[in-house]
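Everything on this sheet refers to the single structure shown next.
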Number of protein chains: 2
Amino acid sequence: GSYGAPAVANDPMWGYFTAIAGQDGEVDADELQRCLTQGGFTGSYSPFNLETCRVMIAMLDRDSTGKMGFNEFKDLFTALNGWKQNFVMFDRDRSGTVEPQEMGQAMYAMGFRVSPQALNVIIKRYSKGGRIYFDDYVTCCVKLRAHTDNFKRRDTMQQGAVSFQYDDFILCTMAI
Amino acid sequence: GSYGAPAVANDPMWGYFTAIAGQDGEVDADELQRCLTQGGFTGSYSPFNLETCRVMIAMLDRDSTGKMGFNEFKDLFTALNGWKQNFVMFDRDRSGTVEPQEMGQAMYAMGFRVSPQALNVIIKRYSKGGRIYFDDYVTCCVKLRAHTDNFKRRDTMQQGAVSFQYDDFILCTMAI
């Protein structure tokens with residue numbers, strides 16, 4: 001009987017999660033990479049780089065274990081699905097890439113508000129041969145979200161400015 | 001005759017640089033990866049990930065072109081040689097990895113001063129299977145240097161604290 005079984009047992013993703021997580025009950029970057037590749041998430045796009053998967057985990061890893069529990073796993077999938085839909089929408093010619101001049105619109109559609117100067121830096125940093133591939137697009141979204149969360153969490157008065165001590169700045173930036 | 005030839009022509013690294021840089025006279029991440037692998041820099045260690053090479057260029061790329069000129073190229077080699085020497089010194093058992101408990105000492109030896117809390121985050125983020133590989137070690141050093149430089153450049157009064165506007169924070173963090 002299911003009497004006393006945790007609520008998550010009814011969640012369709014629970015079985016999937018436990019299969020990936022293995023014995024320790026948490027998902028690390030290797031397991032996440034395998035799951036996103038074999039599970040078909042990247043589809044016709046190139047599989048995610050291991051580094052991309054590490055950034056995904058870092059985005060949600062508040063206790064700095066380098067691993068993800070079930071709730072973080074679900075949060076990540078929600079975010080990834082949104083970013084994928086967004087990418088597909090901007091990849092009009094199905095080349096598997098988004099063009100630099102569309103990156104501003106794409107970021108705006110995802111809810112990020114960045115200056116033209118920051119946008120220029122982002123385009124240079126996350127493009128290859130002048131185009132933005134899915135893997136790099138996701139890395140960019142993951143990092144933008146993580147850094148924005150880190151900033152907002154400290155901007156308690158919502159003034160759009162935060163005073164960082166050196167060590168806290170290093171902690172924030174090195175974690176992602 | 002060499003009359004009027006630029007001073008760099010006498011620099012032993014100039015020929016090497018021009019061979020790698022190709023027609024545009026600048027080195028991008030692909031060219032850098034090829035040069036560090038084929039030039040034997042990584043030696044018996046695994047070749048650098050393309051992402052690591054992009055971070056190396058980002059560290060020195062003040063004009064956000066995604067490429068490196070000759071002076072940046074030389075700066076990078078100086079830094080890389082220092083980090084490699086440091087890594088080899090801490091990789092006492094020649095396993096190609098440094099152990100987490102030695103990471104604090106290694107960072108200290110490289111001139112970085114981070115709190116135990118930041119060190120913990122760094123170790124989790126840049127290790128695989130509980131060990132720190134050369135590629136990740138270098139990524140860690142590159143990022144620590146780049147973020148420290150960004151911070152110091154803004155901390156003009158040397159107070160150990162900087163007030164960041166959101167957009168400047170995003171610009172700094174997304175560039176690396």
Please state which one of A:Gly25, A:Gly66, A:Gly43 is without any contact (Cβ under 8 Å) to a residue 12 or more places away in the chain and out of contact with any strand residue (DSSP E or B) (no Cβ under 7 Å at 6 or more places or on another chain).
A:Gly43
Can we say A:Thr173 is within 7 Å of another protein chain (Cβ to nearest Cβ), of a type in the set (S, T, N, Q) and within 19 Å of B:Thr52 (Cα to Cα)?
yes
Scan region A:31-47 and tell me whether some residue there is closer than 30 Å to A:Leu171 by Cβ and among the small types (Gly, Ala, Ser).
no
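So that you can scan it fast, the table gives a plain yes or no per residue for (1) over 23 Å from A:Cys172 (Cβ atoms); (2) in a helix (DSSP H, G or I); (3) of a type in the set (Val, Ile, Thr):
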| site | (1), (2), (3) |
| --- | --- |
| B:Arg94 | yes, no, no |
| B:Glu102 | yes, yes, no |
| B:Phe112 | no, no, no |
| B:Ile123 | no, yes, yes |
| B:Val138 | no, yes, yes |
| B:Val142 | no, yes, yes |
| B:Phe151 | no, yes, no |
| B:Leu171 | no, yes, no |
Considering only residues that are within 18 Å of the chain's Cα centre (by Cα) and more than 8 Å from chain A (Cβ to nearest Cβ), look in region B:120-131 and name the one that is surrounded by the fewest Cβ atoms within 10 Å (Cβ to Cβ).
B:Ile123
Condition check: farther than 15 Å from A:Ala79 by Cβ, surrounded by fewer than 21 Cβ atoms within 10 Å (Cβ to Cβ) and among the β-branched types (Val, Ile, Thr). Does A:Thr148 satisfy that?
no
Of A:Leu32, A:Leu36, A:Leu76, which residue is under 28 Å from A:Gly130 (Cβ atoms) and part of a helix (DSSP H, G or I)?
A:Leu36
Which of the residues spanning region B:75-95 are crowded, with 17+ Cβ neighbours inside 10 Å and not hydrophobic (A, V, I, L, M, F, W, C)?
B:Lys84, B:Asn86, B:Asp91
Of the residues that make up region A:155-165, is at least one in a helix (DSSP H, G or I) and either modelled with pLDDT of 95 or more or closer than 14 Å to B:Leu171 by Cβ (or both)?
no
Subset of region B:132-147 (residues that are within 15 Å of B:Val121 (Cβ to Cβ), within 11 Å of chain A (Cβ to nearest Cβ) and not polar (S, T, N, Q))
B:Asp136, B:Cys140, B:Lys143, B:Leu144, B:His147
Flagged in region B:60-100 as within 14 Å of another protein chain (Cβ to nearest Cβ) and under 19 Å from B:Thr37 (Cβ atoms), in numbering order, are B:Lys67, B:Met68
Do we have any residue at all in region B:154-161 that's at the interface with chain A (Cβ under 7 Å from one of its Cβ atoms) and surrounded by 22 or more Cβ atoms within 10 Å (Cβ to Cβ)?
no
Evaluate the following for A:Ala106: is it surrounded by 19 or more Cβ atoms within 10 Å (Cβ to Cβ) and more than 12 Å from every other protein chain (Cβ to nearest Cβ)?
yes
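The values are calculated or read from the model by the stated rules, or taken from the named source; none is laboratory data. Not measured: the values here are computed from a predicted model. In this analysis, Cβ positions are derived from the backbone assuming ideal geometry, glycine residues included, and neighbour counts consider all displayed protein chains.
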